[in-house]
Amino acid sequence: MKKPLTGAELNELVAGLNKLSRNLWWTWNQEAQDLFAHLSPRGWQNLFHNAVAVLREVSEYELRVHLQDNEFADRVRVVLKEFNDYLNEQNTWGRKHAPKLHKNPVAYFSAEFGLHESLPIAAGGLGILAGDHSKSASDLDLGFVGVGLFYREGYFQQAIDSNNWQTEYYNPVDPHNVPLEPVLDANGDRLICTVEIGMSDVDFQVWRVNVGRVPLYLLDTNLPENEQHFRDLTNRVYGGDSTTRIMQEILLGIGGVRLLRALGIAPSTFHMNEGHAAFLTLELMREKMAAGKTFAEAQKLITPDCIFTTHTPVEAGHDRFTPELMNYALQRYLANLNIPFKDILALGRVKPDDTHEPFCMTVLALKLCRAANAVSELHGQVSRHMWQSLYNVPEDKVPIGHITNGIHLLGWMKGSVRTFWRRKLTENGNGHSKYFHEKFAGDWSSAINHADFWEKMTDPTFVSDEELWALRYKLRRELIEFARRRLLLQNQRATPGDFIRFDHLLNPDALTIGFARRFATYKRAPLIFQQFDNIVKLVRDKQRPVQFVFAGKAHPRDDDGKRFIQQIIHLSKHSELAGHLIFIENYDIHVARQMVSGCDIWLNNPRRPLEASGTSGMKASCHGCMGFSIMDGWWREGYDGKNGFSIGPDSHPNNIEEQDRVDSANLYQTLTEQVVPLYFNRDVNGIPREWIKRMRHSMATLVSQFTTDRMVKEYANKYYATR
Ligand SMILES: *Cc1c(COP(=O)(O)O)cnc(C)c1O
């Protein structure tokens, strides 16, 4: 029998767990999550899987008693060792390939960061990408700091009213209850910085999120000394009107630079993730001018420090402000700059002297960066076309390149899948585990990120058809049980009879088609139901049943998007699709993870070429869920004819109505002629060999290619380390 832990040992483990809970590293480490889930299974489930909240819910006495359980204490020790090894590792990609960044890091500015469901400060794909970028910067050990805003009310929570209409509500986040730490100054007091907004000096405080090895700083104006409307400035993601918006962007760009200076951080590159942060260029110029440079000199001096990523292939999607609003919001700031206002406006205009042209944040960013990129190859073409007038060169010479987006693989992989692959990697008795053990020195999390691992997917001696099919069943079952639980919760007036009814929702044997994303209208959520009668036949087919799981939020002011939601929920309740089509409310990272893992096919039917990249389909691949997509964004680069399903050709009609008609016909045709027959073509044991073959090929060709590990290396090699 083991001796009980001493007080000192207990203190060390308790302190270790507290430190761990305030580092989002646990969001991509399954064993760490299991520790917190073990301490309070219900708290874990109901408090957004939030380690900090779980530790606050469990008393210190209870925690100490748990730690007297040797088995649990050993698990804690193993996780803490892995965590500390991660933080202290010196032999890293970043130290080898970008060592200078450790002295002068990359400062990555983004209006949203989607890191975890407990910190809802992202509205959609842009934020998720920023979160995944930060996690991979940590894994690679780049010198990197993130800068964003702390939205106390975050992005809205979605509820559906009795008219099937989306309504929004907000759950204020208590900063002490989520993985944040206050940023202090040298005296141990709250660090306070100031930025001029409108006619006022606005103070802000700062919260630090530890994302593995890298810090993310979130600016927060909710301080008693500020006027109420400035206290509320950082309440909501993209909340309010364009006045709120420009003021948030002044805080992010100008305030963000001031914060970095206050912390003594001297970035080598300022990376603007979308135009929202582009005011940072004004502050960098102001610094140069304060040191005696002219306006023209300052522009030349700061441009080499800045890079810009554009995400928006729609003209209307770029932030634009009227000259009046610019003048109002920047008056005090610009008064100190001593530059004619029209020279500032010119920086945000394609035609500098056109007094009718609004000020565009993207134009500002493009004019004052050393390099700019789009987020997929096709989006690069679209962006070069869109901004050609800014450069006066032929379209193919417009200096906007592309780096295709990716996802942070370990963060997105579902727990049961991580466990599955880990078992495959450590299983004795086949040569594969020996190979990986030697090549990756037992570090299975780097093995799983590596192309070598995913290439093994085509090898039945590494994983058999039967095992893969069993995994798919397990994941589909997990999704269905999740969906039944959520639908019961969604139905507030559920009666005991409903429990039984909801427990029969969805069919574990049916081909399950998933669609979840923001309900921006260009994504055309209801497109598939244009073939309503045909779809009814498909779901009613007893031999070859098909079913649909939908989720997504429409922007609070997007009534067209809300009508799409209404239409789909209506079909799910009152049409012949009832029971075969469900809508899961309140789409977030957690819902996304359940869906991309549990569905068999991931439907993506944007109006081409408006999906700059898209990332949710990438999250599906590692779970054996295959893409079923228009040839837009990343799918154009990923699809090779055999690793999923394409909807239509690599081109599109110009007329929108024509495009919708053609795409809906192609969608239905691919579904009935390729997807359904392949899925239900079974051998005597009920195994769809050809389907699984395609699944293997999809995993082998897509997973390691569309990660932020690959993407951040590209940013580092192309842009960050070249300074
Ligand atoms: C991945 C993700 C997105 C982006 O998905 P797209 O396919 O790019 O539209 C949006 N929201 C959430 C919660 C996500 O997880």
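The values are calculated or read from the model by the stated rules, or taken from the named source; none is laboratory data. Because the structure is a prediction, the values reported are computed rather than measured. Here the Cβ is made from the backbone with ideal geometry for all residues, glycine too, and neighbour counts use every protein chain on show. Just so you know, the surface numbers come from the protein's heavy atoms only, side chains and all, with ligands and any DNA or RNA stripped out. Shrake-Rupley method; radii C 1.70, N 1.55, O 1.52, S 1.80 Å.
Between the range 387-401 and the range 496-546, the C-alpha centres lie 44 angstrom from each other. Size descriptors for the chain: radius of gyration and Dmax over Cα atoms are 25.8, 83 Å. Each of P313, P394, I246 was scored by the projection of its Cα onto the charge dipole of the range 100-405, and the greatest displacement toward the positive side belongs to P394; charges sit on the C-beta of Lys, Arg, Asp and Glu. Sorting 169-175, 575-581 by average packing, meaning the other beta carbons within 10 Å per residue, from highest down gives 575-581, 169-175.
Given the peptides 141-149, 481-489, arrange them by the average over their residues of other C-beta atoms within 10 Å, most packed first. Before the final figure, lay out each step's value.
On the way: 141-149: 27.2, 481-489: 17.3.
Final packing ranking: 141-149, 481-489.
For S242 and D353, a Förster radius of 25 Å and the Cβ-Cβ distance give a FRET efficiency of 0.60, rounded to the nearest 0.05. Expressed as a fraction of 2.2 N^0.38 Å, the value expected for a compact globular protein of N residues, the C-alpha radius of gyration of the range 273-364 is 1.07. Only protein atoms count toward the accessible area here, which uses a 1.4 Å probe; on the chain, the carbon and sulfur part of that area reaches 50 percent.
Would you mind giving the three semi-axes, in whole Å and largest first, of the ellipsoid equivalent to the range 7-88 according to its Cα gyration tensor?
Working: eigenvalues 59, 54, 23 Å².
Semi-axes, largest first: 17, 16, 11 Å.
Calculated translational diffusion coefficient of the range 616-723 (10 °C, 1.306 mPa s; Stokes-Einstein with Kirkwood radius over alpha-carbon pairs) equals 101 µm²/s.
Which value, in debye to the nearest 20, gives the size of the charge dipole of the range 471-693 about its Cα centre, when Lys and Arg are +1 and Asp and Glu are -1 at the Cβ? Could you put the intermediate results ahead of the total?
On the way: 32 positive and 26 negative charges, 133 e Å.
It comes to approximately 640 debye.
Annotation: Cα Rg of the range 325-431 relative to the compact-globule expectation 2.2 N^0.38 Å equals 1.80.
Once backbone amide H atoms are built at 1.01 Å from N, I601 has T512, G514, M626 as its partners under 5 Å, excluding neighbours fewer than 5 places away on the same chain. A 1.4 Å probe run over the protein chains yields, for the range 7-88, 47 Å² of accessible area per residue, whole-number rounding. So what's the gap between the Cα centers of the range 244-262 and the range 282-337, to the nearest angstrom? The distance from the Cα centre of the range 244-262 to that of the range 282-337 comes to 12 Å. For a 27 Å ceiling on Cα separation, which of these pairs sit above it: K300/K397; K293/K718; K19/K619; K474/K523? K293/K718; K19/K619; K474/K523, as the Cα separations exceed 27 Å there. Basic side chains Lys and Arg get +1 at the Cβ, acidic Asp and Glu get -1 at the Cβ, and with that the dipole of the chain about its Cα centre reaches some 1020 debye.
I'd like the FRET efficiency for E438 and K397, computed as 1/(1 + (r/R0)^6) with the beta carbon distance as r and R0 of 51 Å, rounded to 0.05. Before the final figure, lay out each step's value.
Values: r = 48 Å, r/R0 = 0.94.
The formula returns an efficiency of 0.60 here.
Report the Cα centroid-to-centroid distance between the range 708-723 and the range 153-216 in angstrom, as an integer. So the separation of the two Cα centres works out to 29 Å.
Give me the aspartates and glutamates in straight-line cross-link reach of K96: C-alpha distance below 16 Å, same-chain residues under 8 apart excluded. Counting by Cα, and skipping residues close in sequence, K96 has these aspartates and glutamates nearby: D139, D141, D709, E714. Compute the Kirkwood hydrodynamic radius of the range 471-693, taking the inverse of the mean of 1/r over all pairs of distinct Cα atoms, and give it in Å to one decimal. The answer is 17.8 Å. When the Cα positions of S59, G7, F72 are compared along the charge dipole of the range 7-88, S59 comes out farthest toward the positive end, with charges on each C-beta of Lys, Arg, Asp and Glu. Cβ-Cβ distance of D541 and A159, R₀ of 30 Å, FRET efficiency by 1/(1 + (r/R0)^6): the value works out to about 0.35. Using only the Cα atoms of the range 115-215, build the gyration tensor, take square roots of its eigenvalues as a ≥ b ≥ c, and label the shape rounded, prolate or oblate: rounded if a/c is under 1.5, else prolate if a/b is larger than b/c, else oblate. Taking the square roots of the gyration eigenvalues as a ≥ b ≥ c, the range 115-215 is oblate. A P(r) calculated from all alpha carbon pairs of the range 668-723, with 10 Å bins opening at zero, reads 20, 27, 22, 16, 12, 3, 0 percent.
If you take the alpha carbon atoms of the range 100-405 and fit the smallest convex hull around them, that volume is 154 Å³ per residue. The length gained on full extension between K642 and D34, counted as 0.36 nm times the residue separation minus their Cα-Cα distance, comes to 215.2 nm. Normalising the Debye intensity of the range 25-135 to I(0), with uniform scatterers on Cα atoms only, and taking log10 at q = 0.21 Å⁻¹ returns -1.16.
Do any of K135/K553; K100/K414; K3/K135 go past 27 Å between their Cα atoms, and which?
Details: K135/K553 25 Å; K100/K414 35 Å; K3/K135 39 Å.
Too far apart for the 27 Å limit: K100/K414; K3/K135.
Taking Cα centre as origin and charging only the Cβ of basic (Lys, Arg, +1) and acidic (Asp, Glu, -1) residues, the dipole magnitude of the range 100-405 rounds to 1020 debye.
Computed over the Cα atoms, what is the radius of gyration of the range 101-154 divided by 2.2 N^0.38 Å, N being its residue count?
Details: Rg = 11.4 Å, N = 54, 2.2 N^0.38 = 10.0 Å.
Taking N as the residue count of the range 101-154, the ratio is 1.14.
Taking the Cα centre of the range 100-405 as the origin and placing charges on Cβ (Lys, Arg +1; Asp, Glu -1), which of L101, G114, Q228 is farthest toward the positive end of the dipole? Value computed over the given set: L101.
A protection proxy built from the mean count of other Cβ atoms within 10 Å ranks the segments 192-203, 509-520, 585-596, most packed first, as 509-520, 585-596, 192-203. Stretching the chain fully between T194 and D533 yields a gain of 116.0 nm (0.36 nm per residue, less the alpha carbon separation).
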